[in-house]
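See below for the structure under consideration.
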């Protein structure tokens with residue numbers, strides 16, 4: 001599995017706006033307990049590195065980047081922190097909000 005570190009790669013250009021950022025109580029606890037900064041995974045998400053998701057979801061995310069508001073969809077990423085915690089990131093279809101959450105908080 002990939003770690004949630006920022007790596008220099010083809011995924012380094014922001015492809016969309018994140019909107020307002022929201023962090024659930026569970027992710028807030030991970031940040032405090034693990035000393036984890038979510039900046040790296042937010043950069044990966046915003047640049048089209050969707051992390052640890054299946055090929056079908058990866059393709060759906062790429063299709064959802066369509067600039068036409070009537071064609072775009074929500075964006076979903078999944079990453080594992082260095083401490084082993086899975087964190088999901090979801091950006092709404094209208095790019096108004098990006099939420100960091102634990103899978104059991106969905």
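In the set (1) more than 14 Å from residue 91 (Cβ to Cβ); (2) buried (at least 18 other Cβ atoms within 10 Å of the Cβ), the condition left unmet by residue 56 is number (2). Only a single item in (1) surrounded by 13 or more Cβ atoms within 10 Å (Cβ to Cβ); (2) out of contact with any strand residue (DSSP E or B) (no Cβ under 9 Å at 6 or more places or on another chain) is not met by residue 67, and it is number (1). Scanning the stretch 26-44 for residues that are in contact (Cβ under 8 Å) with a residue 24 or more places away in the chain and exposed (fewer than 12 other Cβ atoms within 10 Å of the Cβ) returns 33, 39. Looking at the structure I just gave you, is residue 98 surrounded by 19 or more Cβ atoms within 10 Å (Cβ to Cβ), over 17 Å from residue 48 (Cβ atoms) and touching a helix residue (DSSP H, G or I) at 6+ places or on another chain (Cβ under 9 Å)? Spelling it out, it is not the case that residue 98 is surrounded by 19 or more Cβ atoms within 10 Å (Cβ to Cβ), over 17 Å from residue 48 (Cβ atoms) and touching a helix residue (DSSP H, G or I) at 6+ places or on another chain (Cβ under 9 Å).
Contact annotation: residue pairs with Cβ atoms under 9 Å, 6 or more positions apart or on different chains, pairing a residue in the stretch 78-100 that is at positive phi with a partner that is buried (at least 16 other Cβ atoms within 10 Å of the Cβ) and outside any strand (DSSP E or B), are 95/16; 95/18; 95/72.
Taking the condition under 17 Å from residue 105 (Cβ atoms), surrounded by 17 or more Cβ atoms within 10 Å (Cβ to Cβ), at pLDDT 95 or above and touching a strand residue (DSSP E or B) at 6+ places or on another chain (Cβ under 8 Å), does residue 81 pass?
Yes.
Identify, from the list 10, 20, the residue that is closer than 23 Å to residue 105 by Cα and either modelled with pLDDT under 95 or loosely packed, with under 12 Cβ neighbours inside 10 Å (or both). Spell out how you get there, then give the answer.
Values: 10 fails: closer than 23 Å to residue 105 by Cα.
The unique qualifying residue is 20.
The values are calculated or read from the model by the stated rules, or taken from the named source; none is laboratory data. The structure presented is a predicted model; accordingly, all values stated were derived computationally and were not measured. With ideal geometry, Cβ positions are generated from the backbone for all residues, glycine too; neighbour counts draw on all protein chains shown.
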